[in-house]
Structures are given as structure tokens and as C-alpha cells.
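As C-alpha cells, the structure follows; a few thoughts come after it.
The values are calculated or read from the model by the stated rules, or taken from the named source; none is laboratory data. It should be emphasised that the depicted structure is a prediction, and the values quoted were computed from it without experimental measurement. With ideal geometry, Cβ positions are generated from the backbone for all residues, glycine too; neighbour counts draw on all protein chains shown. In case anyone asks, the SASA skips ligands and DNA or RNA and just uses the protein heavy atoms, side chains included. Shrake-Rupley method; radii C 1.70, N 1.55, O 1.52, S 1.80 Å.
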Amino acid sequence: MERKIPIPTIKRYPSYLRRLQSYKAQGMVNISATFLATDLQLNPIQVRKDIALTGIEGKPKIGFSVNALIISLTNALGWNNTSDAILIGAGNLGKALLGYEGFSSYGLRIVGAFDKDPQKIGTEASGLVIRPLEELEAYVIDNRINIAIIAVPARQAQTVATLLVKCGVIALWNFAPVHLQLPDGIVVQRTDLASHFAALSEKMRRALDEKEVGVRKRW
């Protein structure tokens, strides 16, 4: 595509895909942007703009082909091409990520796992043998790895990230609760479980407060 799709739009595409795949499973053939927006509780104008950026065009009074829209969104996300990645940190979180089968539908395949713990090295997790960090650089070079998932404790994350960049990795998915200091040109996506839980807790408190206010009004 000639123009770059904004990151906020890219972040919305997976939710569109999940709904569309559900529609397809229900036997739906065509879908309107308004119907999709209403189902996702989004602004219909925003959804139409997002879909337009993929290059697909709908038909008046018919909408979009569900199959065609799934393909268009998948291509826009780059999920039609599988990317190999490695994971650093074979603890509880790391093993859970290794066992998550949904990554394949995103075009992500974890092909290697590494840890520094002698008790973990040589053991198997989700079909992968845990390798020592000493083998990291050779593995990255031999397998042309560009993406790494960091699932180590916060105190180890910066050291691991620096090592990965030195080995040639250019994209890091960081699950450690720490901000990484990295050179320009390195792409980092941080998934902070604590901040997500904090947001969930606050939303829950507000919902409970509103419920309590509603009960008081009825009395």
C-alpha cells in the first residue's frame, strides 16, 4: 500500500478481524461498516475510514464481502506472512506465551526459547527445547531472527534487551514492567500487565459506584 496506516487504526484491526471471523462462522456473506461499528460499540465513520485504508471498497446497499474484508485486513496487518520470533525467559509467563496457540493466527511463530537458569536449559516447553543464552547470537544470525519476546524479571530486562540488539534483533515485545533504553531504529512494544490491571480495577470501581448510586436512587 502506498500510504502508511496509522498505528491507532492498526490496533483496531484485530478486533474487526475477530468479529468478521465470527460472522463468517455464522454463515454471513456480507456486512456493513455500520453493523460492524455497532457490534463493537465504535463510531461508524471511524470504522469506514479504517476499512477504506486497506484499499477495499464496499457496494451500495450490500456492504463488504466478509471473506474479502478478512483477507484485506489480514494483508494490511501483515499477518498473511509468518514472522519467526524467539522468546527470552522460560518462567511461568514465558511458558504461557510459548503455549499460546493464537499467535499463529497473527502470523507470529515462536521458533526458539532461551533462559539462563541451568534447571530450565535443556527442558522442553510447548515442543521447544530451552536453550542457553550463550547460543543466542549464533541462533539469531543463523535463523535471521528480527523479533524477540522479553519475558524476564524487570531487573534483567535491560541486560537482555541490550544483548538482543547486539545480536541483531530489531523488534522487541517487552512483557517486563520496565522502560528499556535502546538505540534509535529499534522497535519496542511494551505490554504492561500491571497498568492493564490498574485500568481494569479502576473501571470496576466506577461500575460499582454507578451501581450503588442506582440502588440509592431507587430507594
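For this structure, a couple of remarks:
- Of the set (1) loosely packed, with under 13 Cβ neighbours inside 10 Å; (2) among the aliphatic types (A, V, I, L, M); (3) over 30 Å from ASN75 (Cα atoms), all apply to ILE141 but (3).
- Residue count, the stretch 185-198 (criterion: under 21 Å from ILE7 (Cα atoms), open to solvent by less than 60 Å² (accessible area, probe 1.4 Å) and at pLDDT below 90): 3
- Condition met for LYS61 (part of a loop (DSSP other than H, G, I, E, B), farther than 22 Å from PRO8 by Cα, open to solvent by 30 Å² or more (accessible area, probe 1.4 Å) and charged (D, E, K, R)): yes
- Test result for ASN80, surrounded by 15 or more Cβ atoms within 10 Å (Cβ to Cβ), of a type outside the set (D, E, K, R) and closer than 25 Å to PRO8 by Cβ: no
- Residue check, ILE88 surrounded by fewer than 18 Cβ atoms within 10 Å (Cβ to Cβ) and either within 22 Å of ASN146 (Cα to Cα) or charged (D, E, K, R) (or both): no
- Test: SER72 is farther than 30 Å from ILE145 by Cβ and among the hydroxyl-bearing types (Ser, Thr, Tyr): no
- Single condition GLY94 does not satisfy, out of (1) open to solvent by less than 60 Å² (accessible area, probe 1.4 Å); (2) touching a residue at least 60 places away in the same chain (Cβ under 8 Å); (3) closer than 23 Å to ALA161 by Cα: (2)
- Whichever residue in the stretch 97-132 is in contact with a helix residue (DSSP H, G or I) (Cβ under 7 Å, 6 or more places away or on another chain) and of a type in the set (Gly, Ala, Ser) and, among such residues, is surrounded by the most Cβ atoms within 10 Å (Cβ to Cβ): ALA113
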